[in-house]
Amino acid sequence: MTDTEPPVLVAVDARGIATVTLNRPAVGNAYNEELLDALYEGLGRLEAEAAVRAVVIRGAGRHFQAGADLNWLARAAEYPPERAYIASVATTRTMARLNEFPKPTLALVHGACFGGGCGVVCCVDVALATPDAVFGLTEVRVGVAPTPISTHMVHAMGLRHTRRYALTGERFDAGEALRIGLVHEVVPADRAEARIAAILDETLRSAPGAIAVTKHSFLAANGLLLDARQMALLAHESWMQRATPEGREGLAAFREKRPPGWYRPAG
């Protein structure tokens, strides 16, 4: 990617299959406000296009999505309160739009999938991973909280698994992601495209209107549609933690490649 390329690429084929590519490969497709806004707006355009039947989300380069751009988070920690809140809203509203998108959504995960990348996976309808994929809910490692994606994580993995991985920050492999329900299948890399094509072919057999009603019903009946108040609360919690001394120390430690002040090794 060059400086002139957009952070999100959107293409639609003749069948109405949209490919959305997260396009910051130099930083593992880590998200900042520009990427989040581009993803939010791109999904909005695809939702409005009747010809679009399904969306496949991919990551450019070696990784799917390595979470938040920590340089951006460090800058956001210095924002005044109103601006800091807006930065957190960018995550909350984008994840909600993806989760509630009325057409089938798929993700193919390879390489790193950390933090908000796991949030994306939790919000799609079908998630596939290649065996090289590595996952982690790593926000707490840098002193911040994953509140913008918290409801989606619990929805996808259940409270029990979310509590473990969101609190420890452990990394885990594709097999564990399959076991806990974060992904639906682990597919060898050389078979991934054929598997996606097969799932999309099955999806295209289903009526678009019926899909939209079914998806909305599942979310609404189980209290999984976020209203404006809930999204505001999640965003508020996010920026407040980011602005604490702990949040500042965690981000500084990451940039300086040292353990954070709160870490005391065993023994």
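All of the numbers you see were taken from the coordinates with simple rules; none came from a lab. Small disclaimer: the values here were computed from a predicted structure and weren't measured. Heads up, the Cβs are rebuilt from the backbone with ideal geometry, glycines too, and the neighbour counts pull from every protein chain shown.
What to note about this one:
- With at most 16 other Cβ atoms within 10 Å, longest stretch of the chain clear of loop GluC sites (Glu not before Pro) (DSSP): 171-267
- Summarising the strand pairing of the chain, around 30 percent of its internal DSSP beta bridges are antiparallel.
- Viscosity 0.692 mPa s, 37 °C: Kirkwood-radius Stokes-Einstein D of the chain over Cα pairs, µm²/s: 174
- Added length on full extension, which subtracts the Cα-Cα distance from 0.36 nm per residue, Ala26 to Arg83: 17.9 nm
- Mean sequence separation of contacting Cα pairs (under 8 Å, at least six apart), scaled by the length of the chain, corresponds to a relative contact order of 19 percent.
- Spin-label model, Glu256 to Gln230: label points 7 Å out along the Cα-to-beta-carbon direction sit 4.0 nm apart.
- Residue separation of Arg75 and Glu202 scaled by 0.36 nm, minus their Cα-Cα distance, works out to 41.3 nm of gained length.
- Choice from Val213, Val89, Val134 with maximal GNM fluctuation in the chain (Cα, 10 Å cutoff): Val213
- Mean ellipticity per residue at 222 nm, deg cm²/dmol - from DSSP H runs of n ≥ 4 across the chain, formula -39500 (n - 2.57): -15500 deg cm²/dmol
- For the chain, the longest principal axis of the C-alpha atoms and the axis of helix 81-99 are separated by about 30°.
- With neighbours defined as other Cβ atoms within 10 Å of a residue's Cβ, the residues Ser217, Ser88 order from fewest to most as Ser217, Ser88.
- Dipole size of the range 8-188 about its Cα centre, with +1 on Lys/Arg Cβ and -1 on Asp/Glu Cβ: approximately 260 debye, rounded to the nearest 20.
- When trypsin sites (Lys or Arg not before Pro) are flagged only if DSSP places them in a loop and at most 13 other Cβ atoms lie within 10 Å, the longest unflagged stretch of the chain comes out as 63-204.
- Going from the residue with the fewest nearby Cβ atoms within 10 Å to the one with the most, Ile149, Ile196 rank Ile196, Ile149.
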